[in-house]
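What follows draws every value from the coordinates through simple rules; no lab data is involved. Keep in mind it's a predicted model, so treat the numbers as computed, not measured. Methodologically, a virtual Cβ is constructed for each residue, glycine included, from the backbone with ideal geometry; neighbour enumeration extends over all protein chains shown.
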Amino acid sequence: MMSLLNGKFAVITGAASLRGIGRKTAVRFAEEGARVAILDLDETAAQAAAAALPGGGHLGLACNVADHAACAAAAQAVLAAFGRVDILVNNAGITQPLKLMDITPDNYTAVTDVSLRGTLNMSQALVPAMRSGGGGSIICLSSVSAQRGGGIFGGPHYSAAKAGVLGLAKAMARELGADNIRVNSITPGLIQTDITAGKLTDEMRADILKGIPLNRLGDAEDVANACVFLGSGLSAYLTGITLDVNGGMLIH
């Protein structure tokens, strides 16, 4: 079988967490023939995650995506190692299960800095290389909570940040199309990761499943496979789209 990402170079942010969407996406990319740079706050974890990927020549780097200069430095390090970047997955994000009136300015800044500012920072850092390389694919991780107005784990500020990601990605798609850079978003439903682990009681799970036609929670691999599709030539004529990966939790 032909590998979908042979000869491609990818950057994935927030991808060191063992059971996270970013890590599983890195594994799937490597399985499909890509060389992958894993960026994470924890450099040791990022290097270990990169070393554990199938194939060779992967990279693990420390990067705080909320820091514009850190993103520029990470991009330089990746380009020094790979020579080019074809795919960027803006995956890094944090969530806080707070009610509206409990959100402090610091809470707001923490959540929006990683999900929204981080997506902008990392995209700005790599777009010039994609332009000079003849194109690329940027994949932005949003959330079903951006579409349905929260209601699971993330507070209103999380919904706001993830809704911002959708608007940013659409605007980038419009601006970067002439450069053959495609920009698309994925809105995962409830995915079983380290972020959700331990927060779901049996009662909550049963209640949530009633609203999911496919009658199961999502796995990180469900989202990773969608990333493979958006990163590969299979989606060559797709830009500015929002791809729901939620088992039918939200049908619209």
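Of the complete DSSP H runs in the chain, those spanning 24 angstrom or more by Cα along the long axis with a mean Kyte-Doolittle score not below -1.0 are 156-176. Here the gap between residue 153 and residue 6, fully extended at 0.36 nm per residue and compared with their Cα-Cα distance, gives a gain of 49.2 nm. Treating r as the C-beta distance of residue 110 and residue 18 and R0 as 22 Å, the FRET efficiency rounds to 0.45.
How long is the gain from residue 43 to residue 214 if the chain were fully straight, where each residue apart is worth 0.36 nm and the alpha carbon distance is subtracted? Don't jump to the answer; show the numbers that get you there.
On the way: separation 171, 0.36 × 171 = 61.56 nm, distance 3.76 nm.
That pair, residue 43 and residue 214, stretches by 57.8 nm at full extension.
Between residue 241 and residue 225, the simple spin-label model (points 7 angstrom out along Cα→Cβ) gives 1.6 nm. Hey, which lysines would be in cross-link range of residue 8, C-alpha to C-alpha under 26 Å, not counting anything within fewer than 8 residues on its own chain? Straight-distance partners of residue 8: 24, 170. Its convex hull of Cα atoms gives the chain a direction-averaged projected area, equal to a quarter of the hull surface, of 13.3 nm². Given the options 120, 166, 234, which has the most mean-square fluctuation in a GNM of the chain, springs set between C-alpha atoms less than 10 angstrom apart? Greatest mean-square fluctuation among the candidates belongs to 234. Projecting the Cα atoms of 189, 224, 132 onto the dipole axis of the chain, where Lys and Arg carry +1 and Asp and Glu carry -1 at the beta carbon, places 132 farthest toward the positive end.
Dipole of the chain computed with +1 at Lys/Arg Cβ and -1 at Asp/Glu Cβ about the Cα centre; of 94, 180, 251, farthest Cα towards the positive end is 180.
Proximity of backbone amide H atoms, modeled 1.01 Å from N, is registered between residue 219 and 192 at under 5 Å, excluding neighbours fewer than 5 places apart on the same chain.
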